[in-house]
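Derivation of every value follows stated rules applied to the coordinates shown; laboratory data play no part. Small disclaimer: the values here were computed from a predicted structure and weren't measured. Cβ sites come from the backbone with ideal geometry, for glycine too, and all protein chains shown count toward neighbours.
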Amino acid sequence: MADVLSQNEIDALLKQLSSGELDVNDIEEDHSVKAKDYDFSRPAKFSKEHLRTLEIIFEHFGRLLSSNLPAYLRKNVQVEVMNSEAVTYQEFSNALSNPVLLGVVNMSPLKGNIILELATNVGFAIIDRLLGGTGESLFKMRDFSEIELAILEKIFNLIIDLLREPWENVVEIDPYLERIETNSQFAQIISPTEMIAIITININVGGVEGLMNVCLPFITLEDVMDKLNTKYWFSTMQDRDEESYSDVIETAINKALIPVSAELGKSSITVWDFVNLQVGDVIKLNRNVEDELDVYVGNIVKFKATPGSSSDNYAIKVTEIYREEE
């Protein structure tokens, strides 16, 4: 219902009309209906609020990648969410290169699958690092061998397992890797015209930089779309105490490999004696047979031990522990 004018307002309005200060055409209401263009081939299923919430989820996911991958790759890993957008699945698949590295992930209990696309140069760098190399990528891209895919499957399983925590404020998921595809034609998980959300993540593994694209179909997220807004997100976010983060750090440290060595003794000889060493020669050490050995963790003495054997292998028995306060 329109607002009712008071008598004073009516008098003031008539006075302005009679004096010419107000034109009747200026106060005529425009009753025309303005039409808005709508592209039925690209239905707007993801709002800016939905995309922003997905960015928050995967920013958390990126922090977990940065703290967990270095324990396996022994390289510094930097992860950054670049952007998010809504496109059709056909646009996503047409932009894929060949060969490509696609992980098809089941997002149980959500319907359907999502896709993790990892840049091939990052994939080869990870393989090189896990096989003892320096973590360099290939100069010329090629198809992945079966052995290389088996190695990458372990890394994909690790990455997918890290999806649980970022999503727990929206829905409890139990994701698992269904398969790895190197040809985009075999990864048609939905209709080409279906809308998807793409989260683009930049990954830097020891200087080798590439992108990871996360493809999230609307049909997979349809049941939780109402929860993909920042208002719901922050209202349901649980406070995390410091102990939970301490447990994560402790778990990552426990998986780190460190060298441990026992020093039998030291000796000094001339270069001439070293060059002319023969089988059966004896080098006198600065330690007696009954003396305890120094055991190094890295380059720090942490234990005293006595030498021996176990199951036909050389072994030591720890007799004393050096504490930090000592």
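Here is how the numbers come out for the structure above:
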| item | result |
| --- | --- |
| Cα coordinate range in segment 260-321, projected on the principal axes (Å, largest first) | 39, 28, 21 |
| Cβ-derived FRET efficiency at R0 30 Å, Leu131 paired with Ser261, nearest 0.05 | 0.80 |
| Gain in span if fully extended, Asn98 to Ile10, counting 0.36 nm per residue against the direct Cα distance | 24.3 nm |
| Taking segment 260-321 and dividing mean pair separation by its residue count, relative contact order in percent (alpha carbons under 8 Å, at least six apart) | 29 |
| Estimated vicinal HN-Hα couplings, Hz - segment 81-91 in sequence order (Karplus 6.51, -1.76, 1.60; Gly, Pro = x) | 6, 8, 6, 9, 7, 10, 9, 7, 5, 5, 5 |
| Stretch gain in nm, segment Asn83-Asn276, where the contour uses 0.36 nm per residue and the Cα spacing is subtracted | 62.9 nm |
| Charge dipole (debye, nearest 20) of segment 123-235; +1 at Cβ of Lys and Arg, -1 at Cβ of Asp and Glu | 320 |
| Angstrom value of the Kirkwood radius, inverse mean 1/r, which spans all Cα pairs in segment 48-254 | 17.7 |
| Nearest-0.05 FRET efficiency for Arg164 and Thr319, computed from C-beta distance (R0 41 Å) | 0.40 |
| FRET efficiency estimate (nearest 0.05) - Cβ-Cβ, Arg179 to Glu209, R0 22 angstrom | 0.25 |
